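Read through the structure below, which is laid out as structure tokens, and then see the notes.
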Amino acid sequence: MPLALWALTISAYAIGTTEFVIVGLIPTIAEQLSITLPSAGMLVSIYALGVAVGAPVLTALTGKLARKQLLMGLMVLFTVGNLVAWLAPNYETLVIARLLTGLAHGVFFSVGSTIATSLVSKEKAASAIAIMFGGLTVALVTGVPLGTLIGQHFGWRESFLAVSLLGVIALVASQLLIPRNIAQPPATTLAQQARVMINPRLLLIYAITALGYGGVFTAFTFLAPMMQSLAGFSPTAVSVILLGYGVSVAIGNIWGGKLADRRGAVPALTLIFMALAILLMVFQFTASMHFMSVATVLVMGIFAFANVPGLQVYVVQKAEHYAPGAVDVASGLNIAAFNIGIALGSTVGGYIVEHYGLAQTPWVGAVIVLGALLLVRLSGQLDKPQTAIAME
């Protein structure tokens, strides 16, 4: 794989750490800022909304910028946002910091996905995206557990200081490894953007993405307090569990990319969403069982993010067919859909926690994932006439 792809992966690692470390820090932030668990959980939703806005809007607005300059600027914004979080004296400032880093995240992955696929042959597109998004999964393996430990022992602000240092490393990697002559896609017109946003086939994929991720984050947002309050683990043990979960996610991400390359996006997503819904229902019953809860979480991690390569390559494929002049924007909207799902899931999860308790989040997440599964099957049926025409 090209060196430029590994530079994208390093940046994705830094971004993934700041996105997901909040999950392990929710109990600590709630305690140190004297706010409720649902209020701390809203920091996940706020970040996701920043991504949802940043991905389509800023991707379109920055379409004429050179790719390398754009990526470098995004990592500067990312680093500044995390420094603001480090210095945040209160909840409101932390909200602003999360919005800033979310804006950088959205543009990075929308542009990065199209760059990644342009660096390799078409048959390796899903694997290239999986490698870039592998930065997110490696962040779950190492960055999130370490960030959680730092937060527990030194305070949550120091976790964001550590993440800002990762941003500096990613900035240097981008400068050294990303070439200046990356293919510059043509800037999209307002009409092209509108076609992407109203195309029913692309909207269907965005809905699949939002529901698939929303179901996961209904439970995942509150995983740390669940493992402490329901399963009876100590905060330090929860950090180790998050490490194990991250390893599972890393395995699942690579496997999901290869599955999508080998079997196609729709069959791969069908299998992944079906397994994920079943595992969330199982977690409903094992969440309060000490070791069974860990076993369920580790298996669930394999499927939780395995859908990312398939979903992203699916939307790029459909955008090339339905909106060939606006593939960047289409990719950006799917990144927005991922994060609308995260915002949806964490908000629904917060409501469930506040009104019905932590123990009720897994089954609600399973129902949301089942909605994604039904839409995948519908999309697959709609693809069949198009495939038949292409064969003729």
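Please work out if residue 29 is in contact (Cβ under 8 Å) with a residue 60 or more places away in the chain and over 25 Å from residue 173 (Cα atoms). It is true that residue 29 is in contact (Cβ under 8 Å) with a residue 60 or more places away in the chain and over 25 Å from residue 173 (Cα atoms).
Is it the case that the stretch 318-332 has a residue that's modelled with pLDDT of 85 or more, open to solvent by 10 Å² or more (accessible area, probe 1.4 Å) and in a helix (DSSP H, G or I)? Yes, the stretch 318-332 has at least one match. When restricted to residues that are open to solvent by less than 10 Å² (accessible area, probe 1.4 Å) and in a loop (DSSP other than H, G, I, E, B), the stretch 211-230 contains 2.
Only one of these is under 22 Å from residue 115 (Cα atoms) and in contact with a helix residue (DSSP H, G or I) (Cβ under 9 Å, 6 or more places away or on another chain): 287, 265. Name it. When all the criteria are applied, what remains is 265.
Filter the stretch 43-63 for residues that are assigned to a helix (DSSP H, G or I), over 16 Å from the mean Cα position of the chain (by Cα) and surrounded by fewer than 24 Cβ atoms within 10 Å (Cβ to Cβ) and give the result. Scanning the stretch 43-63 gives 57, 58, 60, 61. Return a yes/no flag: does the stretch 133-140 have any residue that is farther than 27 Å from residue 333 by Cα, open to solvent by 30 Å² or more (accessible area, probe 1.4 Å), part of a helix (DSSP H, G or I) and not polar (S, T, N, Q). The answer is no; no qualifying residue exists. Here residue 261 meets the list (1) open to solvent by 20 Å² or more (accessible area, probe 1.4 Å); (2) farther than 26 Å from residue 199 by Cβ almost entirely, failing just condition (2). Looking across the stretch 68-94, the residues that are of a type in the set (A, V, I, L, M, F, W, C) and open to solvent by 30 Å² or more (accessible area, probe 1.4 Å) come down to 72, 76, 77, 80, 83, 84, 86, 87. Would you check if residue 30 is of a type in the set (Gly, Ala, Ser), surrounded by fewer than 24 Cβ atoms within 10 Å (Cβ to Cβ), touching a Ser or Thr at 6+ places or on another chain (Cβ under 7 Å) and outside any loop (DSSP other than H, G, I, E, B)? The answer is yes for residue 30. Just one of the listed residues (100, 25, 83, 70) is of a type in the set (A, V, I, L, M, F, W, C), in a helix (DSSP H, G or I) and at pLDDT 90 or above, and it is 83.
Scanning the stretch 181-199 turns up no residue that is at pLDDT 85 or above, in a helix (DSSP H, G or I), over 22 Å from residue 343 (Cα atoms) and more than 19 Å from the chain's Cα centre (by Cα). The single residue among 252, 244 that is part of a helix (DSSP H, G or I), of a type outside the set (A, V, I, L, M, F, W, C) and open to solvent by less than 10 Å² (accessible area, probe 1.4 Å) turns out to be 252.
The values are calculated or read from the model by the stated rules, or taken from the named source; none is laboratory data. Bear in mind that the values here come from a model prediction, so they are computed numbers and not experimental data. Neighbour counts are summed over all protein chains in view; Cβ atoms, including those assigned to glycine, are modelled from backbone coordinates with ideal geometry. Side chains are part of the model used for accessible areas, which takes the heavy atoms of the whole protein and leaves out ligands, DNA and RNA. Shrake-Rupley method; radii C 1.70, N 1.55, O 1.52, S 1.80 Å.
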